[in-house]
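First up is the structure itself, then whatever we jot down about it.
The values are calculated or read from the model by the stated rules, or taken from the named source; none is laboratory data. Note that this is a predicted model, so its numbers are computed, not measured. Cβ: placed from backbone, ideal geometry, glycine included. Neighbour counts: every protein chain shown. Heads up: the accessible areas ignore ligands, DNA and RNA and are worked out on the full protein's heavy atoms, side chains in. Shrake-Rupley method; radii C 1.70, N 1.55, O 1.52, S 1.80 Å.
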Amino acid sequence: MSAHPLILAGLDGDRTWRLQDYVARGGYEALKKIIRDKTPPDEIIAEMKASGLRGRGGAGFPSGLKWSFMPRSFPGDKYLACNSDEGEPGTFKDRDILRYNPHTVIEGMVIAAYAMGCTRGYNYIHGEIFEVYQRFEEALAEARAAGLLGQHILRSDFSFDLFAHHGYGAYICGEETALLESIEGKKGQPRFKPPFPASFGIYGKPTTINNTETFASVPFILSGGGEAFQNLGKPNNGGTKIFSISGHVNRPGNYELNLGTPFSELLALAGGVRGGRKLKAVIPGGSSAPVLPANVIMDCTLDYDAISKAGSMLGSGAVIVMDESTCMVKALERLSYFYHEESCGQCTPCREGTGWLYRIIHRIEHGLGRADDLDLLRSVAGNISGRTICALGDAAAMPVQSFVKHFGDEFAYHVEHKKCLVPPEIQAVGSQIYVSPSC
Amino acid sequence: MLEIEIDGKAVQVPDGCTVMDAATVAGVHIPHFCYHKKLSIAASCRMCLVQVEKAPKPLPACATPVTGGMKVWTQSEAVVKAQRGVMEFLLINHPLDCPICDQGGECQLQDIAVGYGDVQSRYQEEKRVVFNKNFGPLVSSDASRCINCTRCVRFTTEIAGLMELGQANRSEHAEIMTFVERTIDSELSGNLIDLCPVGALTSKPFRFSARSWELSRLRSVSPHDALGTNLIVQTRHDKVKRVLPFENSAVNDCWLSDKDRFSYEALASDARLTQPLIRQGETWQEVGWQEALEFVATHLQGIARERGGDAIGALASPHSTVEELFLLQKLVRGLGSQNVDFRLRQSDFRADPVRAGAPWLGMAVADVDTLDRLLVIGSFLRKDAPLLAQRVRQAVRRNGLQVSAVGPNAEDWLLPVRERALVAPADMVDTLAGIAVALAAKRGEALAEALVEDVAARVGGEPSAAANAIAENLASGEKVALWLGNLAVQHARGAELQVWAQEIARLGGGSFGFIGEAANSVGGYLAGAVPGAQGADAQALIRTPRAAYVLLGAEPALDFADGAATEAALGAAALVVALGAFDAPSIRNVADVMLPITPFSETAGTFVNCEGRVQSFNAVVQPLGNARPGWKVLRVLGNLLEISGFSQETAEAVRDEALGDNISARLDNAVTRVAPARTVVTGLQRVADVPIHFADPLVRHAPSLQKSGDAAAPVARMAQPTLDALGLNSGDRVRVSSGAGQVELTAVVDDGVARGCVRVAAAHPATVALGPLVGELSVERV
Amino acid sequence: MLSQESLQQIDQEIAKYPSGQKQSAVMAALRIAQVEKGWLPKDVIEFVANYLGMPPIAAYEVASFYNMYDLTPVGRHKITVCTNLPCALSGGVNAAEYLKQKLGIDFNETTPDGKFTLKEGECMGACGDAPVLLVNNHKMCSWMTTEKIDQWLAELENK
């Protein structure tokens, strides 16, 4: 068994999220120890580096290294931001962390603030999960009341204020600089980098941004030690990771596994492919990650390096499972519509290109494809990729490039025969409303 | 300095510059749309992508900082591929109908598409349609052409100071708009036309009237405010078709105010005078120049002979050229009179005998960028000097300049005012004295001896809190300046304001000077268009009417400190000779002869701007009809009158004679003591602004500007407590009365007006009856 | 323009940000205003902008950028259905079709009685709960079988 859950361990849904429950699980011990021992910030950052923790939001950047980028001797406010703007199709882990274990995020952020000398923090929470935002506000109130947040935390010299900022429906705010803009009360259009947030973040002040799950991992790293966390996973892929599995499986949901666990194990945990149908393809890291055909993913372990070697990305750990009833053109059409809809409109290739991609795929799906459309798709995607301010351009291009690469025949069939390779009645079975019996 | 390599060429560039800056240094052109040197960097059009050694992806030149040893390629295969890709995206939704687009021929998209576009489009879907907006009378919208570079949004926010435009929506639905279909009301709005790289924002007055390649480009100088904005006047078939900025980083940068840009429409106005006219009772007779000038010469000579030179007065607009002003004063002096003035809206001339030289800004315009403290006294800065205000705004944004203000008005200058003494006109002298006293205390210095006595008599108690705060602010500065604005110049005790500004500047270790009301507010002094010791100034010439007046480029009702009194004085004169470009009712009412002289576009001339910069220009078109350059008319008149010294062949010769060769030695704001005047205030005090689009005859005749928000009819603005004291509500119709007359206006609440004051605009037909710009008014509900 | 209660809530949001950074509260303020008014008319947006000391067009940029703000009137209950790929694989599109048929309206339409508006949503970050509906922006409904949709509609009908 490769599951040693940390973040999701000992939780009982809506019943165990409060401060007292978290404390009963050993919560805030890491923080208390740091305050009591006056642990030097450098030691904390060293521990983070030793843990091998890589950013859980998608890019997988080593967190300890990121923390070390914050300027030490900056006069005035330094900021900390938590990215809970989880809107990448397939990803739904941060919502569960925030509603079932909010204090682990708060504790992680307080420790991070201590390590980096931050004075203020914001948790940017995805617009569509208002109830989770409200609960997080309650958790913040609990922490403040207990002296775990605010002025003189645990009666020490260390002060840190943390607030929740609620989004209101823009995928792009998951991009860290768009998120900063949004916190400043602007539309979420990403900033050009450099300057990077570590030198010019919220209100132009040094800022570090980490994902919810990243912060949630921090207390466990500090209490159990970086090395122990590292050892849960593989070298360069330390710790546990929450995988959100959705689509054609019997038990969709969040599963916290050690990095390096075989994909087949996750699939088994999720109850296997629904209705005993055949696995067709898996997007292993959220909708922006390249799709992998069944035979490739079945041989993969779930960690940054292995998925990358297979030609995709572990990303946010959002695993979208598609079985043989799936029309890959239709699937891509929906994803391309999403990127078109969510483009911030700022830079030319993305603003103009995402709509173009969607329209080409739309016409292929609707039997109006043209002979040179696959070349056109590849070319337009290529012209977006790597030419935009932020990664949304790449995110829009990668699904197109990978779907056409692995399932080109299906696209060509659509163009040639004006219909789908997967018979409509089979598709209908796969798109039926399905709710797992356990829900 | 850093050394880098661009396209194999080594260049030295300053630290902190971008690849785009470096390319400019290297003489390499990188195509771009959203980048503009005066705006913040968006890096969004992606047209300037270049290849940088070791970078995995192409990088935008505009936003990529240079690092030592960097190698950049701007023409490599990868770069061209990236740029062609971006160009294709820009074009897929752009209407490809350049032949019917007003921007055609001067469109950056069109130009760059020639180099980077394809012959055939691969995009076969329907193009996006974006509905046009009504941005007002000046800027036209063709929204489907927009490429969302957001230069316009950044301009309104950063340069004009108020975000009037935004990019609403997202994705390909993003579009540029104002809030709720509002018009763009900035006095700098026309710059949007120059900034827009495509045909999405074009000039409403100009559009579709000519193609850019048909137009001649000629340099000129704006005849409006005291900055002396440099112009390119574009003409076709001997008509001025439009006006563009000529970039001059020391004066106007690359900007124009809307007044500078759109006043050219007045050049073709029906109100232009094109033939000399002589009054025949109630009618006017068109006559030839010979007859007209002989008539003038004969009558002027007659009056001089019969009643003496002192019976003649000359009043010239400060928008006249140096040449005109110089020859006018020479003419009048040749007739034995010292009565000449160009300071038509001024009412306090007590500084004349005690001033050291010609009043000016006291510093170079470009040095605004290096100031850290500025105190603006009695100014409607933003509307009176839009581009000077813009420069101040940039100095605040970029260099941390702190601006304070003293005056009865606190309208939004779209820049932060740190400390403000919002005081009635009658309290301004006391306020300045208070600042001086507080500053002296802070500096541990004594007040100038001459002022100690005044202070004892006047300030009495402690300086006000606002005066203290301003003194504190000035004391903390290293590079300090004080500017006296138009309201200070027109103030009933303007000379005392000057004295105290001088003292504050001395104590603060800074400079002081005048923003200047008009294009030749400095030039008029240098040209000698001011009365000599025995002469009468502009006010005296109205208070003590003369038998004959020569009027140059001014309208009696609208261009004087007291329009009503001016009309009365001139109306009673035996002879009024009016030289001007425009016909006007108040000229017709008083003149006996109207001589059509040409505006700036049809004559050679010179303006000396507020910093003492001499800027000469040539005619860009032939005179309209029988109008003639003013300097030539005056020269002929001088000859007819047989006055010596009127034999100049060229405008340059007149200028050289007028200005000599050491201008800077004659610029001096120093004054010695002016005895304090006591003012007893019993009623409401008038605060009179001269609205931006009414300040001179040219702009008053410009139709599109007269449709803009800045040309709105005058109202009576009062602070809420003032309204309350009068039992009035905002929106009430009120009768506003002065000793001279009364008018009916709408009362409007405006907490940017000092208590006990009514702000009523001058220079407008609707308020002429109120008489003087300064003084008391009463207000009652109609 | 807005009730005391709404203004109080907005003030609480403003307090989350450093002084001089009121604009940061614009998203929350627009949300609070929308809850009170049902949607965001332009004068309400302008009021919020003035309340926060920012240019109205900057507030409009925000209101038109984030897609949970309604710049046109909606029914008393706005139902947003996620049809994105992970949801669609578990019946998200079918749930939306079912709603369309039950309510007799298409996406972006409102029932003639003004009770329901139907919207197509993008990823709500709850793919494991598919099919997912969002009711009036703030209430998330998970695992929406046709039976549960019927139940919900019946409940909302009377609200």
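Observations on the structure shown:
- Approximate spin-label separation B:Trp289-A:Glu227, in nm, with each point projected 7 Å along Cα-to-Cβ: 10.2
- Projected label points at B:Ala574 and B:Lys81, each 7 Å from Cα along the beta carbon direction, are separated by 9.1 nanometres.
- In chain C, the DSSP-assigned H stretches of four residues or longer account for a calculated mean residue ellipticity at 222 nm of -13500 deg cm²/dmol, using -39500 (n - 2.57) per stretch and the full residue count as denominator.
- Size of the A/B contact, given as accessible area buried on both chains, probe 1.4 Å, in Å²: 2900
- Unpaired by the 4.7 Å Cβ criterion, cysteines found in chain B: B:Cys17, B:Cys48, B:Cys62, B:Cys98, B:Cys101, B:Cys107, B:Cys146, B:Cys152, B:Cys196, B:Cys254, B:Cys610, B:Cys757
- Max mean-square fluctuation residue, GNM over chain A, Cα-Cα springs under 10 Å, options A:Gly275, A:Gly225, A:Gly393: A:Gly275
- Aspartates and glutamates with Cα under 12 Å of A:Lys405, excluding same-chain neighbours fewer than 8 positions away: A:Asp375
- With every protein chain in place, the range A:315-362: carbon and sulfur % of accessible area (1.4 Å): 45
- Solvent-accessible area buried by pairing C with B, both sides, nearest 100 square angstrom, 1.4 angstrom probe: 1200
- Filter on C:Lys102/C:Lys148; A:Lys38/A:Lys66; A:Lys280/C:Lys119; A:Lys33/C:Lys16; A:Lys66/A:Lys205; A:Lys187/A:Lys330 - keep pairs with C-alpha separation over 20 Å: A:Lys38/A:Lys66; A:Lys280/C:Lys119; A:Lys33/C:Lys16; A:Lys187/A:Lys330
- Estimated D of the range A:306-365 in µm² per second, where Rh is the Kirkwood radius over Cα pairs and Stokes-Einstein applies at 10 °C, 1.306 mPa s: 120
- Helix B:494-508 axis, angle to chain B major axis (alpha carbon atoms, nearest 10°): 50
- Burial order of peptide ranges B:25-37, A:123-135 (average beta-carbon count within 10 Å, highest first): A:123-135, B:25-37
- Here the Debye sum runs over all C-alpha atoms of the range B:259-305 as equal scatterers in vacuum, and log10 of I(q)/I(0) at q = 0.16, 0.20, 0.33 Å⁻¹ comes out as -0.64, -0.77, -1.12.
- 10 Å Cβ neighbours from other chains, averaged over peptide B:117-128: 2
- Within the range A:108-129, backbone nitrogen closer than 13 Å to the virtual label 7 Å beyond the Cα of C:Gln21 toward Cβ: A:118-124
- Excluding ligands, DNA and RNA, the accessible surface per residue across the protein assembly as shown is 35 Å² with a 1.4 Å probe.
- Stretchable slack from B:Thr370 to B:Ser40, in nm (0.36 nm times residue separation minus alpha-carbon distance): 116.8 nm
- Share of alpha-carbon pairs per 5 Å distance bin for the range B:213-300, given as whole %: 3, 12, 17, 15, 11, 9, 12, 11, 7, 3, 0
- Peptide B:83-89, shielding by other chains (average Cβ, 10 Å cutoff): 6
- Cα gyration tensor shape of the range B:238-354, rounded if a/c is under 1.5, else prolate or oblate by comparing a/b with b/c: oblate
- Area hidden from solvent between C and A (accessible, protein heavy atoms only, 1.4 Å, total, Å²): 4500
- Averaged over the residues of C:74-86, the number of partner chain Cβ atoms lying within 10 Å of the residue Cβ comes to 4.
- Rg over Rh, two decimals, the protein assembly as shown (C-alpha only, Kirkwood Rh): 1.04
- Packing, as the average of other Cβ atoms within 10 Å across residues, places the peptides A:93-105, A:71-83, C:106-118 in the order A:93-105, A:71-83, C:106-118, highest first.
- Protein accessible area in chain B, 1.4 Å probe - carbon and sulfur %: 50
- For chain B, calculated [θ]222 nm from helices alone, where every DSSP H run of n ≥ 4 adds -39500 (n - 2.57): -7500 deg cm²/dmol
- Computed helical MRE - 222 nm, chain A, DSSP H runs ≥ 4 contributing -39500 (n - 2.57), nearest 500: -13000 deg cm²/dmol
- Calculated P(r) tail over 18 Å for the range A:358-417, as whole % of Cα pairs: 31
- Using a probe radius of 1.4 angstrom, the carbon and sulfur fraction of the accessible surface of the range C:1-127 is 46%.
- Order of exposure, largest accessible area first, which applies to B:Glu247, A:Glu410 with probe 1.4 Å: B:Glu247, A:Glu410
- Placing pseudo-labels 7 Å out from each Cα toward the beta carbon at A:Met298 and B:Val614 gives an inter-label distance of 9.3 nm.
- Once the Kirkwood radius over Cα pairs is known for chain A, the Stokes-Einstein relation at 25 °C and 0.890 mPa s delivers a diffusion coefficient of 110 µm²/s.
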